[in-house]
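Reviewing the structure listed below.
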Amino acid sequence: MTARGITDRLGSLAFGGDYNPEQWDEETWREDDVLMRRARVNLTTLGVFSWALLEPEEGRYDFSWLDAHIDRLHANGVAVDIATPTASPPPWFTLAHPDSLAVTPDGTRLVHGSRDTYCLASPAYRAAARRIAGALAERYADHPALALWHVHNEYGTLCWCDHAAVAFRIWLRARHGTLDALNDAWGTAFWSQRYTSWEQVLPPRATQYHKNPGQTVDFHRFWADEIIAAYREQRDAIRAHSDRPVTTNLMLQYNLRLDMWAFADELDVVTSDHYPMAPGLDAAANAAHYADLSRSLGGGRPWLLMEQGTSTVYDGEQVLGKEPGEVLRHTLGYIARGSEGALFFQWRQSRAGAETWHSAMLPHAGPDSRIFRETVGAGEAVAALGALAGSTVTAQVAVLDSPDAMWALEANGLPSKRLDHQAMVGAAHRALWDAGVTVDFARPDQDLSGYRLVVAPSLFLLSDEAAENLRRYVEGGGTLLVQHAAGYVDDRMHARLGGYPAPALRETLGIRVEEHRPLRTDQRITLSDGSHGTVWSESLHTEGAETLAAYTHGMLEGRPALTRHRFGTGQGWYLSTWLDDAGYGALVQRLLKEAGVAPELPDLPAGVEAVTRHAPDGRRWHVLINHTPDTVPLPSSAHDLLTGTTLAELAPGGCAVLEGAR
Ligand code: GAL
């Protein structure tokens, strides 16, 4: 089952969002019906945070209100994505099961009054979640409006309580087998941490000083598995009654607690939420990053954008007032990269509650507003793109991303606090996006032979198997760029001895890193090719590689900074510092040329995004998004699905979906 299954049911791409009619009255519902038709809404997510209404007291369900809304929406031509409400247990639940409330690392038990007030490892919570998922599925299994099941909301809440401790120990026993193996893996010979019974082993709660790195990474792995187990229970409770696709909305951008690859394998269709925080081009590039990731998680299958905002999100860091035209540009950005539509949080802006000021498709101001007009414009555009349903996107370049590598950098006591996984992966994607190239994300241990170029920006932790895999990739003809501080530890967080990185990678890259030299926050170094590095430097030896750029001063003067190794029929490049944007962009361009990868469409200026969607029957469409204030001539004129006309140029800030030659 894929997002295609959903669009088959809808008869077009999806457009709509979270709908919370329980916050409103009948008159408003009547207006919703009219305005949803106007905005071409065809899919709404219902019930995400409705547990208190659906189960007003333990074991007594009340579905009557939901029945009425689903029937009303159905009569209005709107399909539903029914959510299980388990991200927000009602107050009665937490009072009846206080041990189900989450505990922070310092031992504070959180109380209800917000959302995500649960410990996912609590047996009472898990049982209640299974029950309500099953009850909903039994009720709505065959409803003609039902397009999709939406389990929970943005899994990723962690807990350090005693339930979590019990579940963690069970997980550790399964992973390590014996206490001796655990002691060995965690290096408990250091600081007198040796465990002599399983009961002594705790989640990494607040400690006096640095926590054990093996324990930190294993705790993340444990929770990632526990989250998937909790999802599976609900999914299976639903599947016992219904054959419609089941998913959960992944929050890939901020929620760094998921093993997104393993999780995606469990989903009938990958769905994800995205809220860029930086304005302008940065927002578009960030949307492209997480759209490419969402597609890659499903192995290239169509996916669905479950949530985006029309404008501002919250306070502080999270403010992004979208500019006029950005709703459409972002919507098409996701669709360009394989989403089978675009949904929002939420349909109607709340008048009360914690997200009163969060933008929506229909703002407080009502339909006579810029934002609603943009919503309608985006709805019309999506409605014109039905032909794209089921078409896919292909990429010749992959950026490696792995949860283990991400969690490894959360350990205490690392040589630099500035090894930021998300930033490094984001910078690699951004440089490729700037170059106009479509990018997949890939795991370091998966088959990479389909890619001409693979970029590995952040692989501090690298297993032996993954290092072998990278060796095979280059040997077989691939071009690989590995960046600083790679392969320093194995999958137990044990340092590699005899020189970094992992042996198979050393052989592939033809280098040996002898010493790491993190840079101070204000320190900037120069390379012999004129580029500049920050964050990190290394004293490395070439062992077969050629030096393309060297450090120019200090103790590293004359030593290799950027190397290339011809290995097998491919090339392994190593960059031992974090280059400034211009230097890194130039390096990426050079690598693309070496690997024979051209931009998706030729001759487009910077700031014009172009991605191609391919249909199985050979048809293809170029989605073009002009993020610049200039009119941009097109390489050749073509029929545009959005306007139904032949276009020769893109208006400032304009978009087009052009039919391509077969
Ligand atoms: C998402 C969440 C929604 C809403 C939204 C606000 O993370 O799923 O319920 O809170 O953020 O941006």
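Taking segment 443-478 only, how many residues are among the aliphatic types (A, V, I, L, M) and assigned to a helix (DSSP H, G or I)? First the steps, then the outcome.
If we filter segment 443-478 for residues that are among the aliphatic types (A, V, I, L, M), which is where we start, we get 448, 453-456, 459, 461-462, 466-467, 470, 474.
Going one step further and asking which of them are assigned to a helix (DSSP H, G or I), we end up with 466-467, 470, 474.
So the count comes out to 4.
Taking segment 163-181 on its own, how many of its residues are outside any loop (DSSP other than H, G, I, E, B) and either of a type in the set (Ser, Thr, Tyr) or more than 31 Å from the chain's Cα centre (by Cα) (or both)? Before you say what the answer is, go through the steps one by one.
Quick first cut of segment 163-181, residues outside any loop (DSSP other than H, G, I, E, B) only: 163-176, 179-181.
Those left that are additionally either of a type in the set (Ser, Thr, Tyr) or more than 31 Å from the chain's Cα centre (by Cα) (or both): 179-181.
Going through segment 163-181 one residue at a time, the tally reaches 3.
Quick check on this structure: which one of Ala365, Ala384, Ala431 is out of contact with any Lys or Arg (no Cβ under 9 Å at 6 or more places or on another chain) and free of Cβ contacts under 8 Å to residues at least 24 places away in the same chain?
Answer to the selection: Ala365.
Looking at segment 193-201, is at least one residue charged (D, E, K, R), more than 21 Å from Glu266 (Cβ to Cβ), modelled with pLDDT of 95 or more and not in a helix (DSSP H, G or I)? Taking every residue of segment 193-201 in turn, at least one turns out to be charged (D, E, K, R), more than 21 Å from Glu266 (Cβ to Cβ), modelled with pLDDT of 95 or more and not in a helix (DSSP H, G or I). If you check Ala229, Ala224, Ala237 for being surrounded by fewer than 19 Cβ atoms within 10 Å (Cβ to Cβ) and aliphatic (A, V, I, L, M), only one passes: Ala229.
Trp303 meets each of the listed conditions (1) within 16 Å of the ligand (Cβ to nearest atom); (2) over 28 Å from Pro629 (Cα atoms); (3) of a type in the set (A, V, I, L, M, F, W, C); (4) surrounded by 22 or more Cβ atoms within 10 Å (Cβ to Cβ) apart from (1). Across segment 286-300, the qualifying residues are those that are of a type in the set (A, V, I, L, M, F, W, C) and closer than 22 Å to Thr628 by Cα, and the one among them that is farthest from the ligand (Cβ to nearest atom) is Ala288. Residues satisfying the criterion are absent from segment 586-600 (criterion: assigned to a strand (DSSP E or B), under 29 Å from the mean Cα position of the chain (by Cα) and closer than 21 Å to Thr394 by Cβ). Looking at segment 1-94, the helices (runs of 4 or more DSSP H) lying wholly inside it that each contain 2 or more residues that are hydrophobic (A, V, I, L, M, F, W, C) and within 28 Å of Gly300 (Cβ to Cβ) sit at 3-10.
Considering only residues that are of a type in the set (D, E, K, R) and over 21 Å from the mean Cα position of the chain (by Cα), look in segment 339-365 and name the one that is farthest from Leu297 (Cα to Cα). Show your work before the answer.
Initially, segment 339-365 is screened for residues of a type in the set (D, E, K, R), giving 340, 348, 351, 355.
Cutting the leftovers down to over 21 Å from the mean Cα position of the chain (by Cα) gives us 348, 351, 355.
Numbers: Arg348: 30, Arg351: 36, Glu355: 30 Å.
For segment 339-365, the residue satisfying everything is Arg351.
Candidates in segment 227-285 are the residues that are within 13 Å of the ligand (Cβ to nearest atom) and among the hydrophobic types (A, V, I, L, M, F, W, C); of these, the one that is modelled with the lowest pLDDT is Met277.
Quick one: which of Ala75, Ala39, Ala127 is away from the ligand (no atom under 16 Å from the Cβ), surrounded by fewer than 17 Cβ atoms within 10 Å (Cβ to Cβ), closer than 30 Å to Gly379 by Cβ and of a type outside the set (Val, Ile, Thr)? Only one candidate passes the filter, namely Ala75.
Out of the residues in segment 505-538 that are aliphatic (A, V, I, L, M) and within 16 Å of Phe460 (Cβ to Cβ), state the one that is surrounded by the most Cβ atoms within 10 Å (Cβ to Cβ).
Out of the qualifying residues, it is Leu509.
Screening segment 1-32 for residues that are acidic (Asp, Glu) and over 26 Å from the mean Cα position of the chain (by Cα) and picking the one that is surrounded by the most Cβ atoms within 10 Å (Cβ to Cβ) gives Asp32.
Take Val376 and tell me if it is in contact with a Gly (Cβ under 9 Å, 6 or more places away or on another chain) and not basic (Lys, Arg). In short, no. Scanning segment 595-613 for residues that are surrounded by 15 or more Cβ atoms within 10 Å (Cβ to Cβ) and more than 16 Å from Val632 (Cβ to Cβ) yields Ala595, Val597, Thr612, Arg613.
Scan segment 124-147 and give yes if some residue there is of a type in the set (Asp, Glu), within 23 Å of Ala14 (Cβ to Cβ) and either outside any helix (DSSP H, G or I) or at pLDDT 95 or above (or both), otherwise no. Yes, segment 124-147 contains a residue that is of a type in the set (Asp, Glu), within 23 Å of Ala14 (Cβ to Cβ) and either outside any helix (DSSP H, G or I) or at pLDDT 95 or above (or both).
Working only within segment 332-349, note down all residues that are within 16 Å of the ligand (Cβ to nearest atom) and assigned to a helix (DSSP H, G or I).
Of the residues in segment 332-349, the ones within 16 Å of the ligand (Cβ to nearest atom) are 334, 342-349.
If the condition is that a residue be within 16 Å of the ligand (Cβ to nearest atom) and assigned to a helix (DSSP H, G or I), then Tyr334 is the only one that fits.
The values are calculated or read from the model by the stated rules, or taken from the named source; none is laboratory data. Keep in mind the model is a prediction, meaning the values are calculated, not measured. Cβ coordinates were reconstructed from backbone atoms using ideal geometry, including for glycine residues, and neighbour counts include every protein chain displayed.
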